[in-house]
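A short worksheet on the structure shown next.
Taken together, the values in this text are just the output of simple stated rules run on the coordinates, not laboratory data. Please read these numbers as outputs of a predicted model, since none were measured by experiment. Cβ coordinates were reconstructed from backbone atoms using ideal geometry, including for glycine residues, and neighbour counts include every protein chain displayed.
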Amino acid sequence: MTNAQIAQILEEIADFLEIEGENTFRVRSYRRAAETVAGLADEVADIFTEEGTQGLQNLSGIGKGIAQKLAELLETGEMTYHRELIEKYPPGMLEMLRIPGLGPRTAALIYHELEISSVDELEEAAEAHRLRDLPGLGAKSEEKILHNIQVYRQGTRRALLGDILPIAERLIAMLRSNPAVLKAEMAGSARRRKATVGDLDLLATCEEPAVVCDAFAQSEELAEVTMAGETKVSGRLPGGRQVDLRVVEPGSYGAALQYFTGSADHNVALRERAQKMDLTINEYGVFKQSKGEKEERIAGETEEGVYEAVGLAWIPPELREARGEIEAAESGQLPNLITLADIRSDLHVHTTGSDGHNTLEQMAEACRQRGYEYIGITDHSPVLNVAGGLTAEEIKQQRQQIDELNKQYEDEGINFRVLAGLEADILNAGQVDVPEEVFDLLDFVLGSVHQGFSPDADKMTQRIIEALESGKVDTLGHPTGRLLLQREAYGIHLDDVIEAAGELAVAVEINAYPQRLDLDDIHARFAQHNGTLLSINTDAHAVSQLDFMRYGIATARRGWIEAPSVINTWPLEELQNWLQRRREDYS
């Protein structure tokens, strides 16, 4: 059983406890345990195998009672307590709880007052205006529930890149391990690294397609096989996501990979270009048109050959969205896209100082082990007490801790530096939540909005720009507040904010957390074009989440971003000089 599956069970228990009106401490204990499990680098099952129940109790946020329940789950595959809670309610209740913003308490109210226990019943009741008269609701709440039902249904059709990519990579590794397979790769929106992915497309080439298809159809990775042929297998992953495997001959592999990677608009533009050159492009190859004769295939074995046949340089998959990439390839103007190897630091990292799961030392060492040259610690500011925001005194103590750790690195001859940052809330009137007495102790400030969201774009834009104008914000964190497939962005004139950041020499974050990816690719490209600096960070709350950096890099590459535009690709001295100039300009 994976950490993700265990964490989901713990979250469901917390939801049911909240429905039942249990005390907040007990609910929170299960949510904290779920967060701990989800953020672990090691598998809980392995910890239990090696250390038993005591090993589970040693994990942060997991007490004796929860550890015993987890032991039962890992030993038997079932947790009695979880099953008993589920059996108290109709099956549709769990699905209702997945509607963004509904919440267990509201779901419980609707269930007890109207006996509604499914998403379909909830939608019917909202459309019939039966919800607005319930205590604490109203017409606006009813409209919001209807809207969020549509958001939820969209989410069931698509999945986060961060959820799908590891699965796709595992399936590709399985295919490549088959001796009959010559090459295998993912295609579709997963290969283009879109923020959300629909169906999963896989491609392989070999001399014995039936053998490969049969092996894939028999794989335990598939929960269901809906079609198994000699060159194609369709099925569903656990959870219902569709996956399609196509197996093609080696001479067509490159053409098929290009075709099934897409996007549709990119492929249309490529075909139109080919037609003007009296060529035909399809999933089988590039063919020269000849009147009265059989078409001659002139390319198809490799993607590079397909693009070369129509006079273009190979175009990275992330750019294939018909946004000028074909013209850039033709003129030799494709960007030198940023890569993970360009990253020298993560400048948005949380520790146990606020709501993180690992200590400052552990997060710093994990970044050092990843080859980074420095790290920026950004625990929450005082106003966000729900996330353990640091008081002024605690900020001073963390500064001292950072200084001591840096001294230790220096004494040991280790070329690594920890920067003292703060994720400071941008308050309703545009103030920045940084206590005056500690501002000079901080190396940098990441300003973010966590509360007081508003659909009023004028109001939110003014609020954020005023915070940037204060001179206290060096980087603007997750600028739109969106949570993919869960919560839409608050109202904001994002182009205006990006332009203001550029004028004020404030960097704008591409938050790599899979639920955020905020800035998105479109606005990241606008920022670079505008001359606004960027910063790609994970917002990691645990060591394992530092690996989210690759999703931020993927978003940046989709936005045509080059390394010099990103401040955490700079050497430490260059970053420090930039921060110093900012302080001098606003002092």
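Rounded to the nearest 500, the helix-only mean residue ellipticity at 222 nm of the chain stands at -14000 deg cm²/dmol, with each DSSP H run of n ≥ 4 adding -39,500 (n - 2.57). Between D133 and E365, the simple label model (points 7 Å from Cα in the Cβ direction) yields a spacing of 6.3 nm. The convex hull drawn around the Cα atoms of region 159-248, when projected onto a plane and averaged over every direction, covers 4.9 nm².
Report the charge-dipole magnitude of the chain in Debye, nearest 20, computed about the Cα centre from +1 at each Lys and Arg Cβ and -1 at each Asp and Glu Cβ.
Roughly 840 debye, rounded to the nearest 20.
In region 3-157, the alpha-carbon atoms span a convex hull of 118 Å³ per residue. Across the options A299, I145, A563, the greatest Cα extent toward the positive end of the charge dipole of the chain (unit charges at beta carbon of Lys, Arg, Asp, Glu) belongs to A299. Annotation note: GluC sites (Glu not before Pro) in region 350-423 located in DSSP loop regions with a Cβ neighbour count of at most 14 within 10 Å are E412. From the alpha carbon centroid of region 1-19 to that of region 419-481 is 33 Å. When the alpha carbon gyration tensor of region 438-587 is reduced to an equivalent ellipsoid, its three semi-axes come out at 21, 20, 15 angstrom, largest first.
Peptides 463-472, 342-351 ranked from most to least packed give 342-351, 463-472, packing being the mean of other C-beta atoms within 10 angstrom over each peptide's residues. In region 387-542, the DSSP beta bridges split such that about 20 percent are antiparallel, to the nearest 5. More than 41 Å apart: what percent of Cα pairs in the chain qualify? That fraction is 32 percent.
In this entry, region 301-351 is assigned a mean projected area of 5.7 nm², taken as a quarter of its C-alpha convex hull surface. Amide H to amide H, with H built 1.01 Å from N, H478 comes under 5 Å of E509, N511, counting only residues 5 or more places away or on other chains.
The string of couplings for region 267-275 from the Karplus curve (6.51, -1.76, 1.60, θ = phi - 60°) is 5, 4, 5, 5, 5, 4, 5, 4, 4 Hz, one whole number per residue in order, with x for Gly and Pro.
Dimensions of region 353-421 from C-alpha coordinates, computed as largest minus smallest value along each principal axis and given longest first, are 38, 22, 14 Å. Which Cα, out of S252, G552, L494, lies furthest along the positive dipole direction of the chain (beta carbon charges, K/R +1, D/E -1)? Comparing the listed Cα positions along the dipole, S252 ranks first. If only the Cβ of Lys and Arg carry +1 and only the Cβ of Asp and Glu carry -1, the dipole of region 159-248 around its Cα centre is close to 440 debye.
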